[in-house]
Amino acid sequence: MNKLPAGLFNISYREDRQIFHTKFIRFWMVILLILIITGPFFLNGYLLSLADLTGIAIIGALGLNILTGMAGQISLGHGAFIGVGAYASALLTSRLGISFWLALPMAGFVAAAVGLFFGIPSLRIKGLYLAIATLASQVIIIFTIVHWRSLTNGTSGILVPSPNIGSFEFDTDRSFYYIIFGVLVLATLYARNLFRTRVGRAFIAIRDNDIAAEILGVNLFRYKLLAFFISSFYAGIAGSLWAHYITIITPEHFTMVVSINYLAMIIIGGLGSVLGSIYGAIFITLLPEFLRVIAGSLNGIFPDIGNALGALREIIFGLTVILFLIYEPNGLYHRWQMIKAYWKLWPFNY
Amino acid sequence: MIFFLQLMVTGLVVGSMYALVALGFVLIYKSSRVINFAQGELVLVGAYVCLILTATYRVPFLLAFAITMAVAILLGLAIERLFLRPMIGEPVLSIIMLTIGLSSLLKGLVEFIWGTETRVYPPIFPSKPVEFGGIVVSQVYLWSFILSAIFLVIFSLFFKFTKSGIAMRAAADDEDAALSMGISIKKIYGMAWAIAALVAGVGGIIIGNINGVNVSLSAIGLNVFPVVILGGLDSIPGAIVGGLVIGILENLAGGYLDPFFGGGVKEIFPFLILVLVLMVKPYGLFGLERIERV
């Protein structure tokens, strides 16, 4: 939560309400922003594509973290909601000829509407029953996408046009980077702000104890559905960006595995924290790439390692999730806080 | 009419396998409140161990069956000891995610060791089908049904009459009371996982004999969810009834509705039932309704 460094005293409400409390943090935020803007000039093509994928993953993870980490509603259907956003955006642009800039928010709203619908069971059931209900929504949505051939073209997928302004096409990793990171900055700021509003606090109250929250005057019906709405909106945006980045989408991009990946991101990163979603998304997106590099370097010793890469990835993914849950259940964000706290008093930390 | 009966028989066989796998799932949930997303992977491991023993090492089927059961029991005990015990008292989400991680780990290991191509068991049951008044049933199906039924009966008797079985029910009913009566909860958890892995392994051998074995076999782990939700998450009779009902309904739906939807109804129908049950009666047919207090 909002832990302030020692020695910082806020003497007006305005100061107390700031997102970034100290000059130090504000300074580094500006540096970060500059780094993000100038990034494409010194990253090569491969790193840039990784940055793009990570950026999309962060937006999706932020959405899931609002629903699961903040409001405490477990969702195993996030991948399908991302799929809804991707297909909505793809159909709007390729069939109806709507421009990407309009289709992006519209995809968000379509996914949010679908999320709202599948969030209705959350009013009656919770915990693992809700998890199973969202699992069903994942299966049902993907089934619909695969079998509604006249609309979605089934398993063969649809081609998605690249976004453009006038005659400028955003069809490279470099140009698309700016779209993704523009959206990402907005998404992060919104999520960070959500924690400080009535809505965000109602979410946290529902997570901690929904019956107590209801007694305190939080309208469960409204806020649980709102959590599903916001989360699926994020998913829809992430899906739309993904569709226009990849330019061809098929139902295989949005399976159960994707939902599990997103859950792993927020658990490894840290539940209910914006920074945690970012760390987790980076970690999980880069894990397979990291493995590929290692496997490549081991190629001389074990020549067959390339064939077993898929299996290895599953093993490492499973092990990572299990080890994090057993040894670091609060995630990378918590570890980062511990490291910071350690150095704050170093070398007099006794 | 013949078509209908044929679908019923197939559904009954599939349903008995669902019941067997769901039995292990319910057992783990009942005793330790853990939702096991790795049940399908336990099925997978059982199927592969028995396949390798019979096909590669030419072990006689009955012996291979016994060895597979022993391996499954050890695997279940190891999983409980290594992964689940440190997680006692953690929130639902963490435990769900842990078993998801476990499923990924087991699936990866199976793929790593035995590859991804489909393999078939050497023929164990005679291939000549049996006829019951016009309905043709292959012997594999018949034996699968008999085997599932035997195991379901054995475990029903186990929970009713043996000391360990009664201890397990006591622990599931009220953990603290069971502890104070001198029942070792750790042992109960271990046993629950061992039995779950065992029935999953048997299920794996049966399915492997019918369809052949590859990694996608573990998908049955997801199909178990409609079964246990319909029957009630913590009810053993519920698992059996739910398994048979879902098995029959999905086959009937597949048989009659596939022409209208272009295939695949069989996969989706159990989940539609699942959503319906969750909306109307979330604790299932025989599940215990939990009353919540602040």
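Any read-out appearing in this document is the output of simple, stated calculations on the displayed coordinates, not a laboratory observation. Here the structure is a predicted model, which is why all the values come from computation and not from measurement. Backbone-built Cβ (ideal geometry, glycine too); neighbour counts: all protein chains shown.
Start at zero, step by 5 Å, and the Cα-Cα distances of segment A:71-158 spread as 3, 15, 22, 21, 17, 11, 7, 3, 0 percent across the bins. Let me make sure I get this right: for segment A:240-303, a, b and c are the square roots of the gyration tensor eigenvalues over alpha carbons, sorted descending. Under 1.5 in a/c it's rounded, otherwise prolate if a/b > b/c, else oblate. Which is it? It is oblate, given that a/c is not under 1.5 and a/b is not larger than b/c. Tell me, rounded to the nearest percent, the portion of alpha carbon pairs in segment B:2-280 spaced more than 29 Å apart. Roughly 32 percent, once rounded to a whole number. Between amide H atoms placed 1.01 Å from N, distances below 5 Å from residue B:285 occur with B:231, B:232, all of them 5 or more places distant or on a separate chain.
Which aspartates and glutamates does residue B:30 reach when only Cα atoms under 17 Å apart count, and residues fewer than 8 places away in its own chain are ignored? The reachable aspartates and glutamates, counting only those whose Cα sits under 17 Å from residue B:30, are B:80, B:90, B:173, B:174, B:175, B:176, B:234, B:289.
Placing one equal scatterer on every Cα of segment A:250-350 and applying the Debye formula, the log10 ratio I(q)/I(0) at q = 0.13, 0.19 Å⁻¹ is -0.59, -0.97. Against the main long axis of the alpha-carbon atoms of chain B, helix B:265-280 sits at an angle near 30°.
Mean sequence separation of contacting Cα pairs (under 8 Å, at least six apart), scaled by the length of segment A:47-345, corresponds to a relative contact order of 33 percent. Result for chain B in a Gaussian network model with C-alpha springs under 10 Å: among B:262, B:190, B:201, the largest mean-square fluctuation is at B:262. In terms of Cα atoms, the Rg and Dmax of the protein assembly as shown work out to 26.0, 89 Å. Convex hull volume of the Cα atoms of segment B:1-83, normalised per residue: 126 Å³. Near the amide H of residue A:124, within less than 5 Å, lie no amide hydrogens of residues on another chain or at least 5 residues away, with H placed in the peptide plane.
For the set B:160/B:186; A:224/A:344; B:187/B:281, the pairs lying more than 27 angstrom apart at their alpha carbons are A:224/A:344; B:187/B:281. In chain B, the longest principal axis of the Cα atoms and the axis of helix B:39-51 are about 60 degrees apart. Shielding of peptide B:251-264 by partners, expressed as the average count of other chain Cβ atoms within 10 Å per residue Cβ, is 1.
Largest first, the three principal axis extents of the alpha carbons in segment B:44-194 are 56, 40, 28 Å in whole numbers.
A simple rule links phi to the HN-Hα coupling: the Karplus curve 6.51 cos²θ - 1.76 cosθ + 1.60 with θ = phi - 60°, which for segment A:198-206 gives 4, 4, x, 5, 5, 4, 5, 5, 5 Hz, with x for Gly and Pro.
Compute the angle between helix B:61-79 and the longest alpha-carbon principal axis of chain B, please, reported from 0 to 90 degrees and rounded to the nearest 10. Once rounded, one gets 30 degrees. As a rough guide to protection, the peptides A:161-172, B:277-288 ranked by mean Cβ packing within 10 Å, highest first, stand as B:277-288, A:161-172. Note on residue A:159 and residue A:209: the model spin-label points, each 7 Å out from Cα along the C-beta direction, lie 5.9 nm apart. Histogrammed with a bin width of 10 Å, the alpha carbon distances of segment A:1-76 distribute as 14, 27, 32, 23, 3 percent, first bin at zero.
In terms of packing, defined here as the mean over residues of other Cβ atoms within 10 angstrom, the peptides B:40-47, B:95-102 line up highest first as B:40-47, B:95-102. Peptide B:88-100 is shielded by partner chain Cβ atoms: per residue, an average of 6 of them sit within 10 Å of its Cβ.
Loop-located trypsin sites (Lys or Arg not before Pro) in segment A:118-152 (DSSP state not H, G, I, E or B) with no more than 13 neighbouring Cβ atoms inside 10 Å: A:124. Here the 3J(HN,Hα) profile of segment A:158-168, calculated from phi with Karplus coefficients 6.51, -1.76 and 1.60 at θ = phi - 60°, is 10, 7, 10, x, 6, x, 8, 10, x, 9, 7 Hz, Gly and Pro shown as x. Relative to the globular-protein estimate of 2.2 N^0.38 Å, the Cα radius of gyration of segment A:47-345 stands at 1.02.
Computed packing ranks the peptides A:177-184, A:23-30 as A:177-184, A:23-30, most packed first, by mean other Cβ atoms within 10 Å.
Taken one residue at a time, the phi angles of segment A:96-106 give Karplus couplings (6.51, -1.76, 1.60, θ = phi - 60°) of 9, x, 6, 5, 4, 5, 8, 5, 4, x, 5 Hz. Gly and Pro are set to x.
For the residues of A:141-149, the average number of beta carbons from a partner chain within 10 Å of their own beta carbon is 3. Leaving out same-chain residues fewer than 8 places away, which aspartates and glutamates sit with a Cα under 16 Å from that of residue A:23? By straight Cα distance, residue A:23 reaches A:15.
Here residue B:107 is the anchor, and the aspartates and glutamates within straight C-alpha reach of less than 16 Å, apart from those fewer than 8 places off in the same chain, are A:314, B:41, B:117.
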